[in-house]
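Have a look at the structure below before the remarks.
The values are calculated or read from the model by the stated rules, or taken from the named source; none is laboratory data. It should be emphasised that the depicted structure is a prediction, and the values quoted were computed from it without experimental measurement. Cβ placement follows ideal geometry from the backbone for every residue including glycine, while neighbour counts extend to all protein chains displayed. Note: areas computed on protein heavy atoms with side chains; ligands, DNA, RNA excluded. Shrake-Rupley method; radii C 1.70, N 1.55, O 1.52, S 1.80 Å.
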Amino acid sequence: MKETSKILIITGKQAYERVNKAVLNYKNIDVYQTNISIAAFLTPNLILKAISDYSTELNISEKKLSTIYDFILVTGLIRHDLKIIEDNIGIKCYKSTREASDIPLLIKNLENISLSTIDYADDQIAQYIIKEAEKELQKAEELPLYDIYDNENHEYAHEMATNCSLNSKNNLSNIKIGNLKIGDKYPMRVLGEIVHTPWLSDKELENKINYYIDSGADMIDLGMVSNEDNSKDLQRIISIARDLTDKPISVDTLNTKELIEAIKLDVDMILSVDAGNSDDLIPYLSNSNTASVVLPTNYKTNEVPHKVADKVTKLKENVEKLLSNDLKVVADPILEPINNLGCNFTDSIVACKLFKEKYKLPMFFGIGNVTELFDVDSNGVNATLCAIGQEVGGNILFTPEASDKCKYSIKELKIASKITFLAKLKNSLPKDLGYTLINYKDKKNDEEIYNKSEEVKLLNKINNKLEYNLSENDIIIAKENEKQVLDKGSFKIKLDRENSNIIAIYYVYGQPMKILKGKNPKEIYETAFRLNMVTKMDHAAYFGKELEKAEIALKIGKKYNQDFDLYYNDFWNLNLK
């Protein structure tokens with residue numbers, strides 16, 4: 001199939017305007033409106049009737065329609081196989097997308113889509129775009145660390161540069177940390193920090209590591225506890241991590257004893273090295289393959305640069321000291337919180353950009369410094385910071401998920417990293433690339449909105465033709481019952497987040513009688529109905545409402561409390577006029 005194929009789209013009355021608008025720029029596509037209001041109600045026989053009516057309008061036979069059109073697309077949630085259309089009149093007829101707004105995407109990718117008489121095209125479109133995106137990402141992963149031109153043999157030698165000076169042509173702009181390539185050729189890597197690991201039980205640590213891996217973390221950071229020396233616990237902590245994953249492991253502390261122990265245990269990276277501890281660490285680092293995240297500070301003397309120029313200068317000095325010892329380095333200019341005293345967020349972005357432009361080293365970008373200290377949902381902030389990170393040359397995106405508002409930050413950053421890297425590869429805007437972080441709103445609003453004009457139509461005003469038997473008296477303002485008669489039993493609904501279950505505890509006269517567990521509301525309410533736990537319609541409606549709230553809360557990480565609004569916070573009630 002080609003984008004230039006001549007196509008007839010058949011749809012219902014309600015969707016006609018949306019479909020027409022979606023294909024307005026395609027001169028090779030015609031849209032025919034059937035006499036059926038809702039396209040989902042179309043059957044093969046009704047489609048054949050519509051084709052017959054359309055053929056009559058064109059003054060041709062049904063079978064000659066195939067001389068005009070290459071095929072027919074039918075919109076809507078049709079449950080029937082449309083093969084009967086071709087069997088009857090000889091023209092191929094396929095199912096389109098569920099949403100009219102997705103039709104242009106289908107047309108654009110027709111050459112790569114296998115249209116079906118049974119299945120909608122939506123999944124194929126999404127799968128195709130994702131598949132192409134994954135191919136692009138895989139190509140990048142296969143790139144060698146270095147392409148150094150061999151003048152004698154007139155070819156590129158894929159090998160690591162040996163001169164590690166900042167003044168060298170071939171400085172370490174791309175490195176390997178553990179088995180992971182880090183550098184501008186590759187997507188930004190997500191380093192997930194597990195805070196206060198010494199305080200976690202083995203099981204808690206295992207669960208956290210598995211959760212981070214499932215969320216897409218490229219590297220696992222084991223955060224220690226400030227002002228404590230837990231160096232004796234490191235062997236146990238690192239061993240647990242190593243048993244669970246082959247992803248690079250880092251240890252995050254400014255305690256020199258802990259850093260030395262981590263290096264001895266062959267950890268892949270340490271956070272952090274600065275002017276205050278580098279002399280103590282370099283002898284150990286020299287005999288290891290451990291990479292160092294280097295700061296522009298001297299925490300031993302409490303020196304923290306606040307000006308952009310000082311950040312860049314101090315970071316250069318600290319980095320040069322390690323590079324002169326042929327050590328593996330990741331530079332961290334330190335991304336500051338918004339409205340931070342001293343060096344603020346914007347200045348720290350400038351420092352990152354200036355440093356990377358001058359010194360082509362892998363760069364650390366501590367996103368958690370911003371998200372954890374900003375009272376906003378993390379989703380869009382993470383995506384924006386990721387985009388800024390890529391534009392200034394960041395290579396490692398660092399975040400914990402320390403607060404509830406930052407839950408899913410690792411997954412958000414991993415997806416954002418894919419989006420921004422694909423945009424960079426394609427030299428395009430970060431949209432329509434196969435991945436999205438539009439989780440709580442909608443990219444396209446195809447909602448069918450009820451308004452006064454529709455009300456007029458329903459009140460017997462449709463094209464001056466009587467189609468409904470509604471009157472003003474049939475418009476009822478809804479209100480709650482003044483009296484409530486309780487059902488024989490009641491439910492207490494809770495969430496089992498560890499197992500992703502909704503729990504409904506069934507009580508009769510205050511005594512717990514049953515515990516229902518399910519992954520979705522339908523499983524639970526159908527079980528409750530089957531066991532005769534719900535006998536009143538108002539109880540059934542309430543039960544379904546609460547189960548749906550619980551499912552949403554489970555999916556998005558929102559707090560669920562039975563009988564309280566899910567979106568209870570001030571944002572929804574604030575009047576900002």
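Some values worked out for this structure:
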quantity	calculated
Residue under evaluation Leu341, criteria (1) assigned to a helix (DSSP H, G or I); (2) more than 20 Å from Glu412 (Cβ to Cβ), criterion not met	(1)
Hits in the stretch 193-224 - residues which are open to solvent by 10 Å² or more (accessible area, probe 1.4 Å) and over 21 Å from Asn499 (Cα atoms)	Glu193, Val195, His196, Pro198, Trp199, Asp218, Met224
Test set (1) under 24 Å from Asn112 (Cα atoms); (2) of a type in the set (S, T, N, Q); (3) in a helix (DSSP H, G or I) - Thr4 fails condition number	(3)
Residue that is farthest from Cys406 (Cα to Cα), among those in the stretch 369-389 that are modelled with pLDDT under 95 and open to solvent by less than 30 Å² (accessible area, probe 1.4 Å)	Asn379
Qualifying residue in the stretch 405-415 (condition: surrounded by 23 or more Cβ atoms within 10 Å (Cβ to Cβ) and more than 26 Å from Lys555 (Cα to Cα))	no
Condition met for Asn20 (part of a helix (DSSP H, G or I), without any contact (Cβ under 8 Å) to a residue 40 or more places away in the chain and either open to solvent by 50 Å² or more (accessible area, probe 1.4 Å) or on the phi < 0 side of the Ramachandran plot (or both))	yes
Those residues of the stretch 24-40 which are open to solvent by less than 50 Å² (accessible area, probe 1.4 Å) and either closer than 19 Å to Glu448 by Cβ or of a type in the set (Gly, Ala, Ser) (or both), in sequence order	Val31, Thr34, Ile36, Ser37, Ala39, Ala40
Scope the stretch 177-192; condition open to solvent by less than 30 Å² (accessible area, probe 1.4 Å) and part of a strand (DSSP E or B); matching residues	Ile177, Leu180, Ile182, Arg189, Val190, Leu191, Gly192
Total residues in the stretch 374-402, condition part of a helix (DSSP H, G or I) and either of a type in the set (A, V, I, L, M) or under 30 Å from Asp570 (Cα atoms) (or both)	12
Condition met for Leu58 (under 27 Å from Glu454 (Cα atoms) and either open to solvent by less than 10 Å² (accessible area, probe 1.4 Å) or out of contact with any Pro (no Cβ under 9 Å at 6 or more places or on another chain) (or both))	no
The listed residue being without any contact (Cβ under 8 Å) to a residue 40 or more places away in the chain and of a type outside the set (Phe, Trp, Tyr), out of Ile60, Ile72	Ile60
Set Ala309, Ala275, Ala291: member being open to solvent by 10 Å² or more (accessible area, probe 1.4 Å), over 16 Å from Leu254 (Cβ atoms) and modelled with pLDDT of 95 or more	Ala309
Hits in the stretch 286-331 - residues which are over 20 Å from Glu357 (Cα atoms) and among the polar types (S, T, N, Q)	Ser286, Asn287, Ser288, Asn289, Thr290, Ser292, Thr297, Asn298, Thr301, Asn302, Ser324, Asn325
Hey, Ser348 open to solvent by less than 40 Å² (accessible area, probe 1.4 Å), among the hydroxyl-bearing types (Ser, Thr, Tyr) and either out of contact with any helix residue (DSSP H, G or I) (no Cβ under 6 Å at 6 or more places or on another chain) or on the phi > 0 side of the Ramachandran plot (or both) or not	yes
Every residue from the stretch 215-251 that is in a loop (DSSP other than H, G, I, E, B) and either in contact with a Ser or Thr (Cβ under 6 Å, 6 or more places away or on another chain) or at positive phi (or both)	Gly216, Met224, Asn227
Answer from Ile338, Ile334, Ile349 - the residue that is modelled with pLDDT of 95 or more and farther than 22 Å from Asn318 by Cβ	Ile338
Strands (runs of 3 or more DSSP E) lying entirely in the stretch 457-556 (those with 2 or more residues that are open to solvent by 40 Å² or more (accessible area, probe 1.4 Å) and within 30 Å of Asn379 (Cβ to Cβ))	489-496
Check on Leu46, open to solvent by 30 Å² or more (accessible area, probe 1.4 Å) and closer than 22 Å to Ile118 by Cβ	yes
Condition check for Leu205: within 30 Å of the chain's Cα centre (by Cα), in a strand (DSSP E or B) and under 26 Å from Leu413 (Cα atoms)	no
Scan of the stretch 421-456 for residues that are part of a helix (DSSP H, G or I) and either among the aliphatic types (A, V, I, L, M) or at pLDDT 80 or above (or both), ordered by number	Phe421, Leu422, Ala423, Lys424, Leu425, Lys426, Val456
Index of the failed condition, Asn369 passing every other in (1) farther than 30 Å from Lys559 by Cα; (2) assigned to a helix (DSSP H, G or I)	(1)
Filter result for the condition that a residue is within 20 Å of Val19 (Cα to Cα), over 23 Å from the mean Cα position of the chain (by Cα) and surrounded by fewer than 19 Cβ atoms within 10 Å (Cβ to Cβ), over Asp119, Asp123	Asp119
Residue in the stretch 63-70 that is in a helix (DSSP H, G or I), touching a Lys or Arg at 6+ places or on another chain (Cβ under 9 Å) and either β-branched (Val, Ile, Thr) or open to solvent by 40 Å² or more (accessible area, probe 1.4 Å) (or both) present	yes
Filter result for Lys314 (of a type in the set (Lys, Arg) and either open to solvent by less than 40 Å² (accessible area, probe 1.4 Å) or modelled with pLDDT of 95 or more (or both))	yes
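One line per residue, one yes/no per condition, for (1) at pLDDT 90 or above; (2) of a type in the set (A, V, I, L, M); (3) open to solvent by 30 Å² or more (accessible area, probe 1.4 Å):
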{"residue": "Leu42", "(1), (2), (3)": "no, yes, no"}
{"residue": "Asp53", "(1), (2), (3)": "yes, no, yes"}
{"residue": "Val74", "(1), (2), (3)": "yes, yes, no"}
{"residue": "His80", "(1), (2), (3)": "no, no, yes"}
{"residue": "Ile84", "(1), (2), (3)": "yes, yes, yes"}
{"residue": "Leu106", "(1), (2), (3)": "no, yes, no"}
{"residue": "Asn112", "(1), (2), (3)": "no, no, yes"}
